[in-house]
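Engineer: Here you go, one structure.
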Amino acid sequence: MIRLGSQIRLTRSEIERLQWLTAIEPVGIRTVADLQNYVARCKAHYWGSSLDTQFLHWMIDKEVALWLAA
């Protein structure tokens, strides 16, 4: 993730990773709030309490947390 003040830009590999994880294209993500909204939308799309759903939510959170910590 490239940060430019309050703006962010996902790298090609980050976009590909999100698409692979969620099958939902991450478009229009320009701020951290946009990224958080995207994550919320993905989690709402893949809702439930199964172990697979919990694991997917965890993977999404883990990826995003790594990018935000960098």
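The values are calculated or read from the model by the stated rules, or taken from the named source; none is laboratory data. The structure presented is a predicted model; accordingly, all values stated were derived computationally and were not measured. All Cβ positions, glycine included, derive from the backbone under ideal geometry; neighbour counts span all protein chains shown. For the accessible areas, the whole protein counts, side chains as well, though only heavy atoms, and no ligand, DNA or RNA atoms are used. Shrake-Rupley method; radii C 1.70, N 1.55, O 1.52, S 1.80 Å.
Engineer: Just a yes or no: is a residue in the stretch 1-20 more than 11 Å from the chain's Cα centre (by Cα), surrounded by fewer than 10 Cβ atoms within 10 Å (Cβ to Cβ) and among the hydroxyl-bearing types (Ser, Thr, Tyr)?
Structural biologist: yes
Rundown of residues vs (1) basic (Lys, Arg); (2) touching a residue at least 12 places away in the same chain (Cβ under 8 Å), yes/no style:
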position	(1), (2)
Met1	no, yes
Arg17	yes, yes
Val27	no, no
Thr31	no, yes
Trp47	no, no
Gln54	no, no
Ile60	no, yes
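Engineer: Return yes when Leu66 is surrounded by 12 or more Cβ atoms within 10 Å (Cβ to Cβ) and either assigned to a helix (DSSP H, G or I) or not acidic (Asp, Glu) (or both) and no when it is not. Show your work before the answer.
Structural biologist: Values: surrounded by 12 or more Cβ atoms within 10 Å (Cβ to Cβ): no; either assigned to a helix (DSSP H, G or I) or not acidic (Asp, Glu) (or both): yes.
Answer is no for this residue.
Engineer: Hey, another quick one. I'm checking my understanding of the structure. Among residues of the stretch 3-46 that are hydrophobic (A, V, I, L, M, F, W, C) and assigned to a loop (DSSP other than H, G, I, E, B), which one is nearest to Trp67 (Cα to Cα)? Please lay out each step first, then the result.
Structural biologist: Step one: list which residues in the stretch 3-46 are hydrophobic (A, V, I, L, M, F, W, C), which gives 4, 8, 10, 15, 18, 20-21, 23-24, 27, 29, 32-33, 35, 39-40, 42, 44.
Narrowing further to those that are assigned to a loop (DSSP other than H, G, I, E, B): 10, 23-24, 27, 29.
Details: Leu10: 9, Ala23: 19, Ile24: 18, Val27: 17, Ile29: 14 Å.
Within the stretch 3-46, the match that is nearest to Trp67 (Cα to Cα) is Leu10.
Engineer: Tell me which residues, restricted to the stretch 47-59, are in a helix (DSSP H, G or I) and either open to solvent by less than 50 Å² (accessible area, probe 1.4 Å) or under 17 Å from Ala69 (Cβ atoms) (or both). Talk me through it step by step, then tell me what you get.
Structural biologist: Step one: filter the stretch 47-59 for residues in a helix (DSSP H, G or I), giving 51-59.
Result: Thr53, Leu56, His57, Trp58, Met59.
Engineer: Can you name the condition, by its number, that Lys43 falls short on among (1) within 20 Å of Met1 (Cα to Cα); (2) touching a residue at least 12 places away in the same chain (Cβ under 8 Å)?
Structural biologist: Against the list (1) within 20 Å of Met1 (Cα to Cα); (2) touching a residue at least 12 places away in the same chain (Cβ under 8 Å), Lys43 comes up short only on (1).
Engineer: Follow-up question, since we're still on this one. Which of (1) open to solvent by less than 80 Å² (accessible area, probe 1.4 Å); (2) touching a helix residue (DSSP H, G or I) at 6+ places or on another chain (Cβ under 7 Å) does Glu25 not meet, given it meets every other one?
Structural biologist: (1)
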